[in-house]
1. Residues that are of a type in the set (A, V, I, L, M) and part of a loop (DSSP other than H, G, I, E, B): does the stretch 115-123 have at least one?
2. Given the structure, is residue 397 open to solvent by 10 Å² or more (accessible area, probe 1.4 Å) and in contact with a Phe, Trp or Tyr (Cβ under 8 Å, 6 or more places away or on another chain)?
3. Give the stretch 250-280 a look and list any residue that's within 59 Å of the chain's Cα centre (by Cα) and either at pLDDT 80 or above or acidic (Asp, Glu) (or both), or say none.
4. So, residue 223, is that one acidic (Asp, Glu), exposed (fewer than 12 other Cβ atoms within 10 Å of the Cβ) and either under 30 Å from residue 142 (Cα atoms) or touching a residue at least 40 places away in the same chain (Cβ under 8 Å) (or both) or not?
5. Going through the stretch 12-22 one residue at a time, which ones are open to solvent by 80 Å² or more (accessible area, probe 1.4 Å) and at pLDDT below 75?
6. Within the stretch 304-332, can you find the residues that are open to solvent by 40 Å² or more (accessible area, probe 1.4 Å) and not in a helix (DSSP H, G or I)?
7. Among the residues of the stretch 354-371 satisfying the criterion of being among the hydrophobic types (A, V, I, L, M, F, W, C) and in a strand (DSSP E or B), which is most open to solvent (accessible area, probe 1.4 Å)?
8. What single numbered condition from (1) under 60 Å from the mean Cα position of the chain (by Cα); (2) touching a residue at least 24 places away in the same chain (Cβ under 8 Å) fails to hold for residue 128?
Amino acid sequence: MPPPRRLWRLLSRAIGDVLPKGLYARSLIIIIAPVVLLQSVIAYTFMERHWQLVTRRLSAAVTADVAALIDVYESYPQDKDAETLTRIAGTRLNLDLDILKGATLPPAGPRPFFSILDEVLSDEIKRQIRRPYWIDTVGRSSLIEIRVAIPDGVMRVTARRSMAYASNSHIFLLWMSGSSLVLLGVAILFLRNQIKPILRLAAVAESFGKGREIEFRPRGAREVRQAGHAFIEMKRRIERAMEQRTTMLNGVSHDLRTIITRFKLTLALIDQTADVEDLQRDVDEMSRMLEAYLAFARGDSGEAAVPTDMRALLEDLRTDVERLGAHVEAIEIDGEASVTLRPDAIRRCLFNLAANAARYGDTVAVVGRREARAFLVSIDDDGPGIPADQREEVFKPFVRLDDARQDAGGSGLGLSIARDIARAHGGDVSLHDSPLGGVRATVRIPA
């Protein structure tokens, strides 16, 4: 890869890491960045061209008046007390003039950190008068004082600050900044109104993925409404497909149950022999497997999600597990226990996992805890465990292990049904090593 391309890729990645990830924040940057850049360019151009140019011309005019007063004072010595010159300076030039005979210039004070007037006025005095001078542009905010050395003392001239400085130019900057803030505020309000429908659509899609029904009407810009209508249509197609599948499975279930019931009646009328008992066990096993297959294919999509107390649900799970003959070591709940979910579906999910733990272990421990955005339920057993490389395989339908945890009597669908129910809620089921020595099944349910 050429160095420029590699450098550009690294720079793009660094900028991408710094920039916000949200659409609202990025949209704000798209709006604010050009405005700030434009305002900066305008302000710099204004300060550099207009403000300094006007201030320089005003300072040059004041300096020319001072130079003229010095020339008149030195050219006409008959006005010894400078009364006429002072009167002319005050009435014609709006300058206060004083002749300080025998005085000297004060020591130079510290120059202001940022003062266009101080810099420009000094340059003009050096260029036009070319004499020792002293100026004060900050002592009195509305006045400036200029002192120039003359042969018999010091000439002190006081002028209004506005005569040498474009004092009202900052109003332009204030108006420019104020109008920009107002426009940005309006843009932000409109942008928030445009972002809300997108966030609403994302929340509804996430809720639908968790099995929760939320009323939704498309709003916002035309493109956002189109996306909303497309989501609603997709939701309807999914619901129709699930309804058709459920109807088909109900029909299949009815027909197969009729045949199995006929088998059972026929076997009940036959003399009970060892062969007949074997056939009855096979028919019972076929009935259980049929119910498991239909439950796996049908799912639990018809149930509505409601706020559920996980403490009560786990206590019911303890009773069900103890009926299987296993010892439940503990039922612990840490944090808030109310979660919005489909209670019957989650009860079945947890029971499948707990029944699997009770089948291969003697002790079962159930722990629930609340995290920031999820509720976790951990089911531990002291059974032989499952090898780490086979823990994902057991979630596949009809898969049975060949080791000590082989499901000899089941259909191989218990863990598959449990994971499907958890994922229908937007969560998942995972297997880990248990502190009891067997397997820990962790169910994550978004809260």
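The values are calculated or read from the model by the stated rules, or taken from the named source; none is laboratory data. What you see is a predicted model; the values in this text were computed from it and never measured. Backbone-built Cβ (ideal geometry, glycine too); neighbour counts: all protein chains shown. These accessible areas exclude ligands, DNA and RNA; they are computed on the full protein's heavy atoms, side chains included. Shrake-Rupley method; radii C 1.70, N 1.55, O 1.52, S 1.80 Å.
1. No: the stretch 115-123 contains no residue that is of a type in the set (A, V, I, L, M) and part of a loop (DSSP other than H, G, I, E, B).
2. yes
3. Narrowing the stretch 250-280 to residues within 59 Å of the chain's Cα centre (by Cα): 250-261.
Hits for the stretch 250-280 are 255, 258, 259, 260, 261.
4. No.
5. Keep residues of the stretch 12-22 that are open to solvent by 80 Å² or more (accessible area, probe 1.4 Å), which gives 13, 15, 17-18, 21.
Once the filter is applied, which keeps residues that are open to solvent by 80 Å² or more (accessible area, probe 1.4 Å) and at pLDDT below 75, the stretch 12-22 yields 15, 17, 18, 21.
6. 304, 306, 307, 309, 324, 325, 327, 329, 332
7. Residue satisfying both the conditions and the ranking: 367.
8. (1)
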